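Student: Dropping the structure in here first, questions after.
The values are calculated or read from the model by the stated rules, or taken from the named source; none is laboratory data. In this text, all values refer to a predicted model and were calculated from it rather than measured experimentally. We place every Cβ from the backbone using ideal geometry, glycine too, and count neighbours over all the protein chains shown.
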Amino acid sequence: MGLTRPDDTLVEPVGVSPQGYPIFDRPLGFSFSIVVEGRPISPLRGMGESAFRWDPGDPTVRPDLEVIVSNPLGNGSTLVCDNEPPDIGGVPSSTGFLDDQQVANAVNDFGCRFVNGEGVPTARGPNDACTAFADGLFHFVDSTSRVQFCGQIAEPFAFPVGETQVTVRLRDRFGAVGPASAMIIRVRP
């Protein structure tokens with residue numbers, strides 16, 4: 001998990017939190033992308049690829065990419081997937097991956113902003129990577145990754161000034177959830 005600049009090149013962390021999470025310093029709370037890569041525990045299991053899977057009456061229906069934030073983004077709107085003009089809303093915060101509807105809504109609200117090259121909320125494959133390198137090519141950061149999720153952060157759902165923890169977990173094709181990973185995004189005042 002990490003960040004890219006508007007030109008799709010990687011941002012290096014500026015340090016590590018006391019919990020061991022990389023810290024990314026940004027001058028603005030928007031105009032960057034969050035990138036998440038994953039691989040299955042066993043090649044036979046494969047990775048899940050959905051970034052949006054929602055049922056407003058069933059909090060156990062979740063996408064394969066689950067992202068939560070410790071502070072609301074933008075206006076913190078609780079509407080799910082309000083990411084189309086003219087009424088682009090924010091993302092609410094969550095304290096953990098609890099099986100309740102508010103968390104399922106927040107996970108899906110942020111997840112629908114992680115799109116492939118065709119604008120669909122799903123993972124990218126190696127030929128659709130969103131990370132650019134010095135060789136002029138786009139490819140995964142980790143050559144052992146099997147999926148990449150990319151979410152551009154726009155001004156309407158910008159990160160607030162200060163530190164926000166971003167926590168992510170992924171599922172494989174069979175629904176098994178992998179370990180959570182976290183980073184800190186620090187926006188300067």
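Student: I'm trying to understand the selection: among the residues of the range 12-46, which are at pLDDT 95 or above, over 15 Å from the mean Cα position of the chain (by Cα) and of a type in the set (A, V, I, L, M)?
Tutor: Residues satisfying the conditions are Val14, Val16, Ile23, Leu28.
Yes/no per residue for (1) within 16 Å of Glu49 (Cβ to Cβ); (2) surrounded by fewer than 23 Cβ atoms within 10 Å (Cβ to Cβ):
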{"residue": "Leu73", "(1), (2)": "no, no"}
{"residue": "Asp99", "(1), (2)": "no, yes"}
{"residue": "Val103", "(1), (2)": "no, yes"}
{"residue": "Val107", "(1), (2)": "yes, no"}
{"residue": "Gly111", "(1), (2)": "yes, no"}
{"residue": "Gly125", "(1), (2)": "yes, yes"}
{"residue": "Ala129", "(1), (2)": "yes, yes"}
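Student: Has the range 105-116 got any residue that is modelled with pLDDT under 95, among the aliphatic types (A, V, I, L, M) and under 28 Å from Ser42 (Cα atoms)? Let's see the steps before the verdict.
Tutor: Pass one, the range 105-116, residues modelled with pLDDT under 95: none.
Among the residues of the range 105-116, not one is modelled with pLDDT under 95, among the aliphatic types (A, V, I, L, M) and under 28 Å from Ser42 (Cα atoms), which makes the answer no.
Student: Contact list please: Cβ distance under 6 Å, first residue in the range 124-149 and farther than 16 Å from Pro40 by Cα, second residue basic (Lys, Arg) and crowded, with 18+ Cβ neighbours inside 10 Å, pairs at least six apart or on different chains.
Tutor: none
Student: Just checking, which of Pro27, Pro22, Pro72 is over 16 Å from Ser181 (Cβ atoms) and out of contact with any Gly (no Cβ under 7 Å at 6 or more places or on another chain)?
Tutor: Working: Pro22 fails: over 16 Å from Ser181 (Cβ atoms); Pro72 fails: out of contact with any Gly (no Cβ under 7 Å at 6 or more places or on another chain).
Being over 16 Å from Ser181 (Cβ atoms) and out of contact with any Gly (no Cβ under 7 Å at 6 or more places or on another chain) holds for just one of Pro27, Pro22, Pro72, which is Pro27.
Student: Okay, next question. Looking at (1) modelled with pLDDT of 95 or more; (2) part of a loop (DSSP other than H, G, I, E, B); (3) surrounded by fewer than 20 Cβ atoms within 10 Å (Cβ to Cβ), which is the only condition Ser94 fails?
Tutor: Here Ser94 clears every test but (3).
Student: For the list (1) over 15 Å from the mean Cα position of the chain (by Cα); (2) polar (S, T, N, Q); (3) modelled with pLDDT of 95 or more; (4) closer than 19 Å to Pro179 by Cβ, I need the number of the one condition that Thr144 fails.
Tutor: Result: Thr144 fails condition (3) only.
Student: Identify, by number, the condition in (1) farther than 24 Å from Phe24 by Cβ; (2) part of a loop (DSSP other than H, G, I, E, B); (3) in contact (Cβ under 8 Å) with a residue 24 or more places away in the chain that Gln102 doesn't meet.
Tutor: (2)
Student: Quick check on this structure: which one of Pro27, Pro59 is in contact with a helix residue (DSSP H, G or I) (Cβ under 7 Å, 6 or more places away or on another chain), surrounded by fewer than 19 Cβ atoms within 10 Å (Cβ to Cβ), more than 30 Å from Ser143 (Cβ to Cβ) and not charged (D, E, K, R)?
Tutor: Answer to the selection: Pro59.
Student: Check the range 30-38 and report whether any residue there is assigned to a loop (DSSP other than H, G, I, E, B) and buried (at least 19 other Cβ atoms within 10 Å of the Cβ).
Tutor: Here is the first cut: in the range 30-38, the residues assigned to a loop (DSSP other than H, G, I, E, B) are 30-31.
Subsequent filtering for residues that are buried (at least 19 other Cβ atoms within 10 Å of the Cβ) retains none.
Checking the range 30-38: not a single residue is assigned to a loop (DSSP other than H, G, I, E, B) and buried (at least 19 other Cβ atoms within 10 Å of the Cβ).
Student: Please count how many residues of the range 7-38 are touching a strand residue (DSSP E or B) at 6+ places or on another chain (Cβ under 7 Å), polar (S, T, N, Q) and within 24 Å of Glu66 (Cβ to Cβ).
Tutor: 2
Student: Also: Looking at the range 150-177 only, could you name the residues that are part of a loop (DSSP other than H, G, I, E, B), touching a strand residue (DSSP E or B) at 6+ places or on another chain (Cβ under 8 Å) and surrounded by fewer than 16 Cβ atoms within 10 Å (Cβ to Cβ)?
Tutor: If the condition is that a residue be part of a loop (DSSP other than H, G, I, E, B), touching a strand residue (DSSP E or B) at 6+ places or on another chain (Cβ under 8 Å) and surrounded by fewer than 16 Cβ atoms within 10 Å (Cβ to Cβ), then Val161, Arg173 are the ones that fit.
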